[in-house]
Structures are given as C-alpha cells and as structure tokens.
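The values are calculated or read from the model by the stated rules, or taken from the named source; none is laboratory data. Just so it is clear, the model here is predicted, and its values are computed rather than measured. Glycine also receives a Cβ, built like all others from the backbone with ideal geometry; neighbour counts cover every protein chain displayed. In case anyone asks, the SASA skips ligands and DNA or RNA and just uses the protein heavy atoms, side chains included. Shrake-Rupley method; radii C 1.70, N 1.55, O 1.52, S 1.80 Å.
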Amino acid sequence: STVSKDDVYLYDVRGVQGLYRSKGSAIKLAEENHGFITDGDGNKIYEEKTVKPFLTVAGTFAYQKADTVDASYDACTYMALLSTGSAADYSSVQKLHNFEEAFQEYGSNALGLNVSGADLDTAIVFLSDGAPFVARISSGYVLVVSYNSEYIRYYDPLTDSEERMVRSAFERECIGAGNEFYVWQKK
C-alpha cells in the first residue's frame, strides 16, 4: 500500500516498530511499549511525559459560540488555534471544517493532530503542556480548558458556557462518543 503524509511511525528501544494510519492507535501502542511517535517528516508528535496534577488555560483566549454540532467542531478548532496565538479567521476555519488542515493553514507555530481512538488521559498529556483540546461528547464538540484529578472543565460552544464535570463522568461521555480527540503541540 501507499504511504500517506498523514501516516505515523512508532519507535521503541528496538527502532521502528510500525507504520500506522491512526495516530490514536499508534499512541496507545507507544504508551504500552514506552515508545514514541513521529510523523512522516521525522517530527516527534508523541512521547510519554510526566503529566502535571492540574492545569488551566481558561481565560487565555476568546470563546466562540456555535449553533449546531458541526459548528461546535469548527468553533473548537478556531479556539484551539487562538490558544496558539494564531490570528485565524473564524469563517475561513469553518470553510476548511478540518482540524489538521486548519492548523496547517493558520497554526504557523503548532501542529494539529487527530488522536481519536486514544483515551482521555492521552489528550490530557497535551493539555498538561498548555494546549487545550477538542473532545466529542454526546451533545457535540467541546474545548477542554482545565483538569485536575477530580474534574474536567470545558467550554461548550452550543451553550456558550464553561462547564465542570467529574472526570470519570466526562471520560464515560468521551468513550460513548468514540474517544474523538483533537490536540495540538508546538512545532
């Protein structure tokens, strides 16, 4: 089969262990084998890290409300870009309707990653580095802006409000929606 620019490589102490189309699946294997993941250009996109016990990025960028589930995805993508310092235009982000492509277009200092299939703790690794992440829950897409051992805080663009949920309940919501996560990291 043909290698895609979106494929990632899993490494461990023995070297390259595989080529994966799903970043989420590769990350799960990297965690199990104490490895790391690179993109096709050799940029490291994931490695095991020590996660801070709590962190918040709430209030460090403007929130964007939305009227539909599709629009909540675009609003969360837009807010994630704003959190990097990007001057992205919301209507342009809506036209792209793709997290990774929006980061390619407007995230000059950050790489957008779809890590769907990974678990909530993996997405929190990126927030621990200061990067809010997009998560799908039953009502739509939300931007997770804060966590600690007991709670997750997120902005819901459909209700235009910050919500706080017990972490285990939020994790069940994410699992019920297919563990769909979008994260970013600094280049």
Considering only 67, 41, 119, give the residue with the highest GNM mean-square fluctuation for the chain, with springs between Cα atoms whenever their separation is below 10 Å.
41
Any aspartates and glutamates whose Cα falls less than 17 Å from that of residue 65, other than same-chain ones fewer than 8 residues away, would be 74, 89, 156, 160, 162, 163
What is the distance in Å between the Cα centres of region 57-93 and region 113-187?
14
For residue 52, list the aspartates and glutamates whose Cα falls under 14 Å from its own Cα; do not include residues on the same chain fewer than 8 positions away.
121, 129, 150
Under a straight-distance cross-link criterion of Cα-Cα below 13 Å, which aspartates and glutamates are reachable from residue 44, leaving out those fewer than 8 residues away in the same chain?
7, 12
Please give the calculated 222 nm ellipticity per residue for the chain, where each DSSP H segment of at least 4 residues contributes -39500 (n - 2.57) and the sum is spread over every residue; nearest 500 deg cm²/dmol?
-9500 deg cm²/dmol
Below 8 Å, C-alpha to C-alpha, sequence gap of six or more: please give me the relative contact order for the chain in percent.
21
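For region 63-187, what is the accessible area per residue in Å² when the probe is 1.4 Å?
41
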Given the chain reduced to its alpha-carbon atoms as identical point scatterers, what log10 I(q)/I(0) does the Debye formula return at q = 0.08, 0.16, 0.17 Å⁻¹?
-0.23, -0.96, -1.09
Length gain on complete extension for the stretch residue 187 to residue 57, per 0.36 nm per residue less the alpha carbon to alpha carbon distance?
44.9 nm
Enumerate the residues in region 126-166 having an amide nitrogen under 18 Å from the point lying 7 Å beyond the Cα of residue 65 toward its Cβ.
140-143, 154-164
Got a number for carbon plus sulfur as a percent of the chain's accessible area, 1.4 Å probe?
47
Quick one: P(r) of region 126-172 from all Cα-Cα pairs, 10 Å bins, percents rounded to integers, in order of increasing distance.
27, 63, 10
Where only C-alpha atoms are counted, convex hull volume of region 18-122 per residue in Å³:
129
